[in-house]
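The values are calculated or read from the model by the stated rules, or taken from the named source; none is laboratory data. Remember, predicted model here, so these are calculated numbers, not experimental data. So basically every Cβ, Gly included, is an ideal-geometry build from the backbone, and we count neighbours across all protein chains shown. These accessible areas exclude ligands, DNA and RNA; they are computed on the full protein's heavy atoms, side chains included. Shrake-Rupley method; radii C 1.70, N 1.55, O 1.52, S 1.80 Å.
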Amino acid sequence: IVWVHHPPAQDREAQHISLPALRHTHLHFVRWHGLALYDWSWRMMHPDNGMALPGHGMAMGQSDIWGAALGMCLTNVFLLWAVPLLASVVPHNSLNPDTHLAVVAVLGGILEVILWVSRRSKELRLFLRHIRFLTPSVRILFAVALQVLIFTTCSLSADDVLLLGKASGLSLPADWVGKDFVVDADPATLVWNPKTISVILPCAEEREYALKTVKAVFDSTPPEVLHEIIVVDDGSSPPLTQTYLDEDVQRQYKTKVLRHTRTVGLIQAKKTGGDAATGDIIVFFDCHVAPQPEWHRSFLKLIGQNYRRMVVPQITDLDIDTWTQNDKAGGGRAKCYLTWDADFKWFDSDDVYIAVISGGLLGMSRRWWFETGGYDEQMLGWGGENLDQSLRVWLCGGEIVAAEDSAVAHMWRLGTFATRARYWTVGDTAANRARAVYGWYGEFAEKLSHFPNFNMRNWGRSFGFGPWYGNVSNIWAVRDRLKCRPFAWFLQRFKSLYEDAGLIPRQVFKLREEGIGKCLRFDGSAGTSKDGLGTASLASCDGDEDHRLFWHVGNRNARTGRCCSGLRAWNTEQCLQDLGGGLFKTFVCETAGISFLQEWAVSSSTGRLASSYNDRCAEVEDGGLQEVACQQAGGSRSRWSKVSAIVPLERKLYEKAHQEHPEVFANMDKQLFAAGEAFPSRSRAICDTALGGCIELYPQAGGFERCLSIPPSHQAGAFVQDLTECTSFYVFGGALRPAHAQDFCLGRSRNASTETWGIFICDGGPSQKFHRYEGAFCNAADECLAFK
């Protein structure tokens, strides 16, 4: 089992033991150790089953069971911990690391079999009977000493990281060495003129899909731009060079194949390819994609404007039968944001900037790849590298933008036979994500203690063991070398998410229904939901340590662009959405405020917990929650209040960072202004280019004291007196389209009031067709709006 699961080091020029691989192998021993302890504890709880003592043919009584069971358990512990220890101290200048790890693993297995057989062989029982004479205290001391030694051995120091980096061939080109790195560099110094692209394809058992992807990349990229296609065969059996990518194919499609003898995972396969690339720009695609025509243009243009810029294409759907883009599947997505528990969620915004990339389709300059160190060499398998790369880029002086006119069709893993993964999974995604956030969060890493998936795995630190996710000194080395910004800078840079959408709330509070004195409690756990769904129910308000009782405001107010329009369960990604079955139903928060179903708030004047979308209130009936019309006869009788309010840890850390690092945030306004000048928001851009510019709309009667304000959703708008909330519209094809949601058209809601307007999917209907008259726009029903 160890031989199969041990992820070997990539083929190196110098033979060094693969410390990350050794640590991964050690995890399997830890799991077996746990099984051994479980076996011992089971025997302690079931003494009536009896047990044969080695060297005796009679059953033991309860008084003898403890020592014998513990002796057997600690014998296993000795084998499980000693094997990786031996692997770490065996001289490795004469043996390949994979070889001696395999040898000691096999020897350990043989010893385990001997012990098992000894229970059934009188001769072997007599031969091994001395084991029982070791006292339990000596065995425990020996086992603890071995544990300390193996954790010490498997921790990576800065020198180890440097050794691995040298072994992988990662070094800066001569013309980049010695130049001082400035995080907040003058944009004019970042401009260059890239001409060629290297495309990296990590392929593990992709077979015919690898060939189709190579052909799609080759056919969609001009020959003068496509420098090379590097396929990293990550342990495919048989090798791709013997099946789909033979020498003729490589020669025809400008392809070279690098191979790992066994699968080490997507991250290290990309690192192998990135380190070997020689084009001006390095682009990473998955091995089951079809780049669309002209995809390369935005990569050359955008990265040419700033060599520290990472570019992400629009990710669309691939029809694997025709290997073409599935146009019926809708537009692509590229933007994610980082949650506190090291997960990422999709979001949308009015600009091209991306807080967190979703995965592996991206491009960057070769220089930026080398300056930032590429992918973390200690991450195995896949997952978590997107978090590390995103924070690495933003905090160290770079930026990430979406190439909105560059599309790459991608095959999604849908659970079908054709789309299934054909390779063995290696690595630990949770450990990879932990490496990213512990490497870049700084003081904010304290927030991770609020999440069980991190807190429960930190038990070893209490006993002096190394961190469960490994040593992150290699990430800190990059941070220190490039003088990267603190994590709070990232939060401030994406203020529209973390402040305006409520992810750094000013306070968290309980929601108590005063009639019965119970509070609304989120029924799930901290962190992100596996299926995006959740519920909340009434529970006792006791216990401030129960974080599931706490809520805070969340989601941007789409009318104002500021916080907030909904209610979010603290330390989750779930927001109140609707009621049913006596419960509140929750769903993944739409941080941009485009989901009108999530517009819930407690009225400070009436005490109602109400939806601003449909005038529905949460009412307590028969011990459960029901949805009632707020204004119907009698209305809602339930009164809610915010109690036990506290300032959450993330807000304290955020304000502390602003106080301690004022210089970091001093240039933020200037940087954001420059970013807006480089890539104007969609609404600003359309107002600058649309014929006649943009207009604001007002009731035809009543002057210009109220304007039409509509959030970017299928929601009816309202005429408001705050003229800073006016929605901007432009005229296109006889329709009035909101500047912030250009796929929608202004139309009438289906009721008698002439003040109920909303934005809807453009259908060319009579209520969406407008003609301009003097000072007004009117539709086919002569329903008019004044404008200026």
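From the list 246, 233, which one is without any contact (Cβ under 8 Å) to a residue 40 or more places away in the chain, touching a helix residue (DSSP H, G or I) at 6+ places or on another chain (Cβ under 6 Å), over 14 Å from residue 369 (Cβ atoms) and of a type in the set (D, E, K, R)? Going through 246, 233 in turn, the sole match is 233.
Per-residue answers, yes or no, for (1) more than 30 Å from residue 675 (Cα to Cα); (2) modelled with pLDDT of 95 or more; (3) surrounded by fewer than 21 Cβ atoms within 10 Å (Cβ to Cβ); (4) β-branched (Val, Ile, Thr):
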position: 195; (1), (2), (3), (4): no, yes, yes, no
position: 206; (1), (2), (3), (4): yes, no, no, no
position: 244; (1), (2), (3), (4): yes, no, yes, no
position: 256; (1), (2), (3), (4): yes, yes, yes, no
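Among the residues of segment 497-512, those that are open to solvent by 10 Å² or more (accessible area, probe 1.4 Å) and touching a strand residue (DSSP E or B) at 6+ places or on another chain (Cβ under 7 Å) comprise 499, 500, 507, 512. Here 611, 603, 644, 638 are screened, and the one residue that is free of Cβ contacts under 8 Å to residues at least 12 places away in the same chain and within 24 Å of residue 518 (Cβ to Cβ) is 603. One residue alone among 466, 442 is open to solvent by less than 60 Å² (accessible area, probe 1.4 Å), farther than 29 Å from residue 674 by Cα and modelled with pLDDT under 95, and that residue is 466. May I ask you to say which residue of 458, 453 is in contact with a Pro (Cβ under 8 Å, 6 or more places away or on another chain) and either at pLDDT below 95 or surrounded by 21 or more Cβ atoms within 10 Å (Cβ to Cβ) (or both)? Matching residue, one of 458, 453: 458.
Looking at 210, 185, just one residue is of a type in the set (A, V, I, L, M) and not in a loop (DSSP other than H, G, I, E, B), and that residue is 210. Of all residues in segment 412-437, those that are more than 27 Å from residue 350 (Cα to Cα) and assigned to a loop (DSSP other than H, G, I, E, B) total 16. The condition of being modelled with pLDDT of 90 or more, aliphatic (A, V, I, L, M), open to solvent by less than 30 Å² (accessible area, probe 1.4 Å) and in contact with a strand residue (DSSP E or B) (Cβ under 7 Å, 6 or more places away or on another chain) holds for only one of 214, 183, that being 214. Report yes if residue 415 is out of contact with any Pro (no Cβ under 9 Å at 6 or more places or on another chain) and either within 17 Å of residue 268 (Cβ to Cβ) or among the acidic types (Asp, Glu) (or both), otherwise no. Considered against the rule, which asks whether it is out of contact with any Pro (no Cβ under 9 Å at 6 or more places or on another chain) and either within 17 Å of residue 268 (Cβ to Cβ) or among the acidic types (Asp, Glu) (or both), residue 415 comes out as no.
Here residue 300 meets the list (1) modelled with pLDDT of 95 or more; (2) open to solvent by less than 20 Å² (accessible area, probe 1.4 Å) almost entirely, failing just condition (2). Within segment 255-345, considering only strands (runs of 3 or more DSSP E) that don't extend past its boundaries, which have at least 2 residues that are basic (Lys, Arg)? Passing ranges, in order: 255-260.
Taking the condition of being crowded, with 16+ Cβ neighbours inside 10 Å, modelled with pLDDT under 90 and assigned to a strand (DSSP E or B), how many residues in segment 628-641 meet it?
Step one: filter segment 628-641 for residues crowded, with 16+ Cβ neighbours inside 10 Å, giving 628, 630, 636, 638-640.
Okay, now just the ones that are also modelled with pLDDT under 90, so 628, 630, 636, 638.
Still in the running and assigned to a strand (DSSP E or B): 628.
Result for segment 628-641: 1.
Filtered by the rule that a residue be part of a loop (DSSP other than H, G, I, E, B), closer than 26 Å to residue 558 by Cβ, open to solvent by 10 Å² or more (accessible area, probe 1.4 Å) and not small (Gly, Ala, Ser), segment 349-403 gives 350, 351, 352. Within segment 561-595, if we keep just the residues that are more than 23 Å from the chain's Cα centre (by Cα) and open to solvent by 40 Å² or more (accessible area, probe 1.4 Å), the residue that is nearest to residue 741 (Cα to Cα) turns out to be 562. For segment 750-760, the count of residues that are at pLDDT 85 or above, in contact with a helix residue (DSSP H, G or I) (Cβ under 7 Å, 6 or more places away or on another chain) and outside any loop (DSSP other than H, G, I, E, B) is zero. Got a sec? Which of 406, 449 is in contact (Cβ under 8 Å) with a residue 40 or more places away in the chain and either assigned to a loop (DSSP other than H, G, I, E, B) or among the hydroxyl-bearing types (Ser, Thr, Tyr) (or both)? Exactly one of 406, 449 is in contact (Cβ under 8 Å) with a residue 40 or more places away in the chain and either assigned to a loop (DSSP other than H, G, I, E, B) or among the hydroxyl-bearing types (Ser, Thr, Tyr) (or both), namely 406.
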